[in-house]
Amino acid sequence: MRWWDIDPVLDLEKALFPEDAWSRGMFWSELAHSRGPTATKRYVVAVEVDADGERIVGYGGLAASADVGDVQTIAVARDQWGTGVGALILTELLRAATTFECAEVMLECRIDNIRAQKLYERFGFEPIGFRRGYYQPGNVDALVMRLQDPSTSVQGTEIHG
């Protein structure tokens, strides 16, 4: 993800998460820590290319601190659900976690987002707890999930553009 991706990412963010969408400033702040030799974050976009041009259909981000990675966000356009875009984004984030030498990766997922939970479980994430009222303003609980040794989840996986 680059700075010029922020506006289309924001459009997708607002469509998918109208109550608790990230702000432009939040994305700028995340991207500020995703480049250079001291980078601690990795943000990616999934782009669909067709006769009409290019369109961002998904995005995701990971933050690393010491030996723990944290999936900050993953989102996929509704018309792309079930196409594998989410798995591609998660694969790329787990590759970044491996590059950052993370021993484990954590994430929070809305307790009512069963589709996302199944994706994470396919990659080896396991539920380890809850965060009550984590998603605001809706006061929705989060399921906390952990993946131990992210390098084992991406071995042999290839992304083709």
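The values are calculated or read from the model by the stated rules, or taken from the named source; none is laboratory data. Keep in mind the model is a prediction, meaning the values are calculated, not measured. Counting neighbours? That spans all protein chains shown, and the Cβs are built from the backbone with ideal geometry, glycine included. In case anyone asks, the SASA skips ligands and DNA or RNA and just uses the protein heavy atoms, side chains included. Shrake-Rupley method; radii C 1.70, N 1.55, O 1.52, S 1.80 Å.
General remarks:
- Qualifying residue in region 51-69 (condition: at pLDDT below 95, touching a helix residue (DSSP H, G or I) at 6+ places or on another chain (Cβ under 7 Å) and surrounded by 15 or more Cβ atoms within 10 Å (Cβ to Cβ)): no
- Residue identified as farther than 21 Å from Asp7 by Cα and of a type in the set (Lys, Arg) among Arg95, Arg55, Arg78: Arg95
- Out of Trp28, Trp22, sole residue that is within 21 Å of Val85 (Cα to Cα) and touching a residue at least 12 places away in the same chain (Cβ under 8 Å): Trp22
- Number of residues in region 3-31 that are of a type in the set (Phe, Trp, Tyr) and either open to solvent by less than 50 Å² (accessible area, probe 1.4 Å) or modelled with pLDDT of 95 or more (or both): the value is 2.
- Of all residues in region 124-161, those satisfying the criterion of being of a type in the set (A, V, I, L, M), more than 19 Å from Trp22 (Cα to Cα), modelled with pLDDT of 80 or more and surrounded by 12 or more Cβ atoms within 10 Å (Cβ to Cβ) are Leu143, Val144, Met145, Leu147.
Okay, residues lined up against (1) in contact with a Gly (Cβ under 8 Å, 6 or more places away or on another chain); (2) aromatic (Phe, Trp, Tyr); (3) on the phi > 0 side of the Ramachandran plot:
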| residue | (1), (2), (3) |
| --- | --- |
| Ala32 | no, no, no |
| Tyr43 | yes, yes, no |
| Asp50 | no, no, no |
| Val57 | no, no, no |
| Ser65 | no, no, no |
| Gly82 | no, no, yes |
| Met106 | yes, no, no |
| Arg122 | no, no, no |
| Arg132 | no, no, no |
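- Single residue of region 87-123 satisfying the filter (surrounded by fewer than 19 Cβ atoms within 10 Å (Cβ to Cβ) and of a type in the set (Gly, Ala, Ser)) that is nearest to Ala21 (Cα to Cα): Ala87
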